[in-house]
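The values are calculated or read from the model by the stated rules, or taken from the named source; none is laboratory data. Model, not experiment: these values are computed from the prediction. Glycine also receives a Cβ, built like all others from the backbone with ideal geometry; neighbour counts cover every protein chain displayed.
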Amino acid sequence: MVNNYDWFKTMRFLDFIRDIGKHITVNYMSSKDSVKRRLEGENGMSFTEFTYQLVQGYDFYWLYANKSCKLQMGGSDQWGNITTGAELIRRKTGGEAFAFTCPLLTKSDGGKFGKTEKGNIWLDPEKTTPYQFYQFWLNATDADAEKWIKIFTFLSPAVIEPLINSHMLQPETRLLQKTLPQHVTTFVHGEDGYAKAVADTEKIFANQSAPADTLSEEDLQSMEGIARFDFPAARLAEKPDVVSFLVEARIFNSKRIARDLIEGGGVSINRKKVNDINQEIDHSFLLHNRYILVQRGKKNYYLVSVNWIMNK
């Protein structure tokens, strides 16, 4: 394991462009598909982004010269950067180096799996809770679930193909979306983690017709995958209208958006649909004298905490 800062920290910019930059032409760098797409796009490409392939190319050269590294592996989006390194090695040393890439794991919307992508999850169980991990796979589209079950599980083709066929015949059963998260969550978080993820999902999504006051305080406190906000008890005593409450609780960014969603039937409080934008919110809404459970749309839940007793 090496850190490329170790060989870049003492290198001056002028030394880099003199000793490295002269070996790779602008024409060569611009011919890369990834660069051409960006240059032809609406937003263009920054100097930093353009020169990154030369920086990564030097990494390959350094590893070749100092660690006898002849092969660089990566996702298909790294092909241009890796081959720049191989070309730099050829031009500076006359040596030979190789690139090995594999297709990127992508979602049906074209997004890729990566730490900079919004909504992605980690294989490290310390960085994504069992509930969040389980929900990611459970909410996969049909196309994604069909592809991912072949990649992320150890199920054999003899098991997977009948699952896909059954799912295609009755997609409403979401057979793939049930099987995929079970196997992947169990593999990463264990049987206990999977069981907890299912239990938390049941608490939030199942029995929606059951009154919210049937949820124990422990249920509310242990719910994962929902945003949590505090709300001043003094403000609740003033009985704000529901639109003001939702905005001040940071569930909505503006009153207009809150009003629109309420009027469209998209907001529930304590599992009861909100129909009146002038409805007042007071201490009678508190579950266990402290919590208000808000649902926005189908899958967004928020737990608002009001420490009513201490601030009364």
Quiz item: Can you find even one residue in the stretch 16-32 that is part of a helix (DSSP H, G or I), under 28 Å from the mean Cα position of the chain (by Cα) and of a type in the set (Asp, Glu)?
Solution: no
Self-check item: Residue count, the stretch 232-268 (criterion: in contact (Cβ under 8 Å) with a residue 40 or more places away in the chain, assigned to a loop (DSSP other than H, G, I, E, B) and in contact with a Phe, Trp or Tyr (Cβ under 8 Å, 6 or more places away or on another chain))
Solution: 2
Quiz item: How about the stretch 269-289: which of its residues are in a strand (DSSP E or B) and either surrounded by fewer than 18 Cβ atoms within 10 Å (Cβ to Cβ) or free of Cβ contacts under 8 Å to residues at least 24 places away in the same chain (or both)?
Solution: 272, 273, 280
Exercise. For the stretch 63-81, enumerate the residues that are out of contact with any Cys (no Cβ under 9 Å at 6 or more places or on another chain) and either within 17 Å of residue 18 (Cα to Cα) or at pLDDT 95 or above (or both).
Key: 64, 65, 66, 67, 68, 69, 70, 71, 72
Quiz item: Does residue 197 meet the test of being in a helix (DSSP H, G or I) and modelled with pLDDT of 95 or more?
Solution: no
Exercise. Report whether or not residue 293 is in contact (Cβ under 8 Å) with a residue 60 or more places away in the chain and in a helix (DSSP H, G or I).
Key: no
Exercise. Working carefully through the options 51, 10, find the one that is within 24 Å of residue 98 (Cα to Cα), of a type in the set (S, T, N, Q) and either without any contact (Cβ under 8 Å) to a residue 24 or more places away in the chain or in a helix (DSSP H, G or I) (or both).
Key: 51
Quiz item: Checking residue 214 against (1) among the β-branched types (Val, Ile, Thr); (2) loosely packed, with under 13 Cβ neighbours inside 10 Å; (3) in the same structural domain as residue 289 (by TED's automatic domain parsing), which test does it fail?
Solution: (3)
Quiz prompt | Residues satisfying the stated conditions in the stretch 213-231, i.e. part of a helix (DSSP H, G or I) and either modelled with pLDDT of 90 or more or of a type outside the set (A, V, I, L, M) (or both) | solution = 213, 214, 217, 218, 219, 221, 222
